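Scroll down for the structure; my scribbles are underneath it.
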Amino acid sequence: MNTRTVLSSFAAIALLTSACGRSDNGSASPAPAATASANASVRVIEVTGNDAMQFNVTEITAKPGETLRISFRNVGKMPKQAMSHNWVLLKPMTDGEVNAFGMAASSKAPTYLPDDQSAIIAHTKMLGAGESDQIEFQAPATAGTYPFICTFPGHFAIMKGKLVVK
Ligand code: CO
């Protein structure tokens, strides 16, 4: 590689970096340029949970291996001990298995995650009213339907959705 090639490589990297920095404008987080560059291909999905035990998003579609950021917020007002929410993505399983997982998780205050976490692909923290959490992960490489639930006691039966990878 001669000097000229090296210089043009640097120029290309500088261009890419500045382009990524611009693409992050308008985001709520004032991330430094290096972080913005690393996160350039992340798709952010805004998810909320409310006092009626509802997620605003019940179906998410992703490409295999796509990097997703779940920006999750409890938009309710009820006390934390009565109404908290998390977002827990699970491996493909039957409804009966989801229920069994939800039951096991429900008894595990304060995290509400079961001892055996092998079925969990990604999860947020358990959030009280007004709290938020962000998680970033890669969608599974295998096409399929991946259930997500809130594991606060009594919620998993209705507070649920699915990530469809295809
Ligand atoms: Co909940």
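The values are calculated or read from the model by the stated rules, or taken from the named source; none is laboratory data. Because the structure is a prediction, the values reported are computed rather than measured. Here the Cβ is made from the backbone with ideal geometry for all residues, glycine too, and neighbour counts use every protein chain on show. Ligands, DNA and RNA are stripped out before the accessible areas are found, and what is left, the full protein with its side chains, is counted by its heavy atoms. Shrake-Rupley method; radii C 1.70, N 1.55, O 1.52, S 1.80 Å.
S107 meets each of the listed conditions (1) modelled with pLDDT under 95; (2) touching a Cys at 6+ places or on another chain (Cβ under 8 Å) apart from (2).
Each residue in the range 127-166 was checked for being open to solvent by 60 Å² or more (accessible area, probe 1.4 Å), within 14 Å of the ligand (Cβ to nearest atom) and within 14 Å of V98 (Cβ to Cβ), and 2 of them qualify.
Within the range 110-126, being of a type outside the set (D, E, K, R) and either under 26 Å from V42 (Cβ atoms) or open to solvent by 70 Å² or more (accessible area, probe 1.4 Å) (or both) holds for P110, T111, L113, Q117, S118, A119, I120, I121, A122, H123, T124, M126.
Of all residues in the range 80-100, those that are under 11 Å from I121 (Cβ atoms) have Cβ atoms under 7 Å from Cβ atoms of residues that are surrounded by fewer than 15 Cβ atoms within 10 Å (Cβ to Cβ), 6 or more apart or on another chain, in P92/G144; P92/T145. The residues of the range 85-109 that are within 14 Å of the ligand (Cβ to nearest atom) and either farther than 22 Å from K162 by Cβ or open to solvent by 60 Å² or more (accessible area, probe 1.4 Å) (or both) amount to a single one, A109.
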